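Worksheet: one structure, shown below.
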Amino acid sequence: MSPLHRVLLDTDIGTDVDDLMALALILGSPEIELVGVTTVYGDTRLRAQLTARVLATAGRSVPIHAGESATLSGREVWWAGHEGVLHADLDDEHYESDDAVQFLVDTVLSAPGEIDLIAIGPLTNVARAIAAHPSFAGSLRHLWVMGGAFTSEEPEHNFRSDAAAARIVFAAGIPTTVTGLEVTRQIHIGSAELTRIAESGRLGRIVQSEIEQWWRFWNEEWNVPHDPVTVLTLTRPRMFRFSEYGVVAIDGGDEDGVSRFLPGQDGRTRITVGLDAPATALAIVDGIVAGSGSDAETAAGRSA
């Protein structure tokens, strides 16, 4: 099956386990050709090295570029403290550069209208790319964002972490789909799902360990897979309901990042408004299992 979507992933992998889950899901999605990964927010070098470790485990070679560490808003980076601790010798992992913004610009401009960008962290890299080249925004095929909360006044982490960047991105006129907390929180990953993931291969065991670490961090035995849901809005749109197109507004100052959706107004952004929760949860786990299983088979074939 030929990939239908050429995808860049922009991620703050290493903190909430859902970024890792999203990457594993992408690797298990035959609809996606992953053309590059960029990291954002905080220690982006460590995030890039962690990405390299995950891809190497999966038997995949994908360009990785570390990106913007500081926020445009000046808001302090929130750091959980467990990023990368489960992985020995991460400093040995190679990635291509510390200039994710230039990589984003070059990749998108080399194939205008062909690249989907999935952004599952604060939007700093994307905002920098928009500012770096006047054709970047118009050359993206579509932007898929995890962020916001559109049925409450609750600030969501990605938008709140860099509200200034979010404003730049949503003012750029990029065709965009945003999936917020009111949708992602309909899905939980628990012990049954964890068992299936853990049994799927080396990548599955990495995902298992990171999920369990995240559960310990919050003293829970479940987590919300925010970012994998966003991946599925690209690959499995029939499982979701979307609004009409409109405008996303980021209210308050740079410390707030509260999001609102305003339908119409010649906007080019839509939000996810509903989903088939059981089907979505199953698709997330199936995709992670497929990525781990197929990569394990590939690695075995290479060593034979």
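Each reported figure results from applying straightforward, stated rules to the coordinates on display, with no laboratory input. Everything numeric here is computed off the predicted structure, so don't read it as measured data. When we count neighbours, we look across all protein chains shown, and the Cβ atoms used for this are built from the backbone with ideal geometry, even at glycine.
Cα-Cα pairs above 36 Å in the chain: how many percent?
9
Kindly write out, for region 100-115 in residue order, the coupling ³J(HN,Hα) from the Karplus curve 6.51 cos²θ - 1.76 cosθ + 1.60 (θ = phi - 60°), rounded to whole Hz, with x marking Gly and Pro.
Going residue by residue, I get 4, 4, 5, 4, 4, 4, 4, 5, 5, 6, 6, 9, x, x, 10, 9 Hz, with x marking Gly and Pro.
In units of 2.2 N^0.38 Å, what is the alpha-carbon radius of gyration of region 161-304? Please list the in-between numbers first.
Values: Rg = 18.2 Å, N = 144, 2.2 N^0.38 = 14.5 Å.
Rounded to two decimals, the normalised Rg is 1.25.
Using the Karplus equation 6.51 cos²θ - 1.76 cosθ + 1.60 (θ = phi - 60°), what ³J(HN,Hα) coupling, rounded to whole Hz, does each residue of region 217-231 give in order, writing x for Gly and Pro?
4, 9, 6, 10, 10, 6, 8, 9, x, 3, 5, x, 4, 4, 4
Roughly what angle does helix 277-303 make with the longest principal axis of the chain, taking Cα atoms, 0 to 90 degrees, to the nearest 10?
Value to nearest ten degrees: 50.
State the Cα centre-to-centre distance between region 192-236 and region 62-85 in whole Å.
With region 192-236 and region 62-85 each reduced to a Cα centre, they are spaced 21 Å.
At q = 0.25, 0.29 Å⁻¹, what log₁₀ I(q)/I(0) does a Debye calculation on the Cα points of region 1-60 give, no solvent, two decimals?
-1.08, -1.34
I need T39, T233, T44 ordered by Cβ neighbour count within 10 Å, fewest first.
Listed from fewest to most nearby Cβ atoms, that is T233, T44, T39.
Could you please rank S152, S161, placing first whichever residue has the fewest other Cβ atoms within 10 Å of its Cβ?
Lowest count first: S152, S161.
When DSSP beta bridges are limited to those with both residues in the chain, what percentage is antiparallel, rounded to the nearest 5?
Within the chain, antiparallel bridges account for around 30 percent of the total.
Take the chain, connect every pair of alpha-carbon atoms lying under 10 Å apart with a spring to form a Gaussian network, then pick out the residue of A137, A80, A165 with the largest mean-square fluctuation.
A80
Which of D16, D276, D162, D89 comes first, and how do the rest follow, when ranked by fewest Cβ neighbours within 10 Å?
Going from sparsest to densest Cβ surroundings: D89, D276, D16, D162.
Label points 7 Å out from Cα along the Cβ direction at A132 and S61: separation in nm?
Rounded to a tenth, the inter-label distance reads 2.4 nm.
Helix-only estimate, please: 222 nm mean residue ellipticity of the chain, summing -39500 (n - 2.57) across DSSP H runs of length 4 or more and dividing by its residues, to the nearest 500.
-12500 deg cm²/dmol, from helical runs alone.
Over the chain, what is the relative contact order in percent, taking alpha-carbon pairs closer than 8 angstrom and at least six residues apart? Walk me through the intermediate numbers first.
On the way: 680 pairs, mean separation 65.7, N = 304.
Rounded, it is 22 percent for the chain.
What share of Cα pairs, in percent, lie more than 26 angstrom apart in region 1-136?
Percentage above 26 Å: 18.
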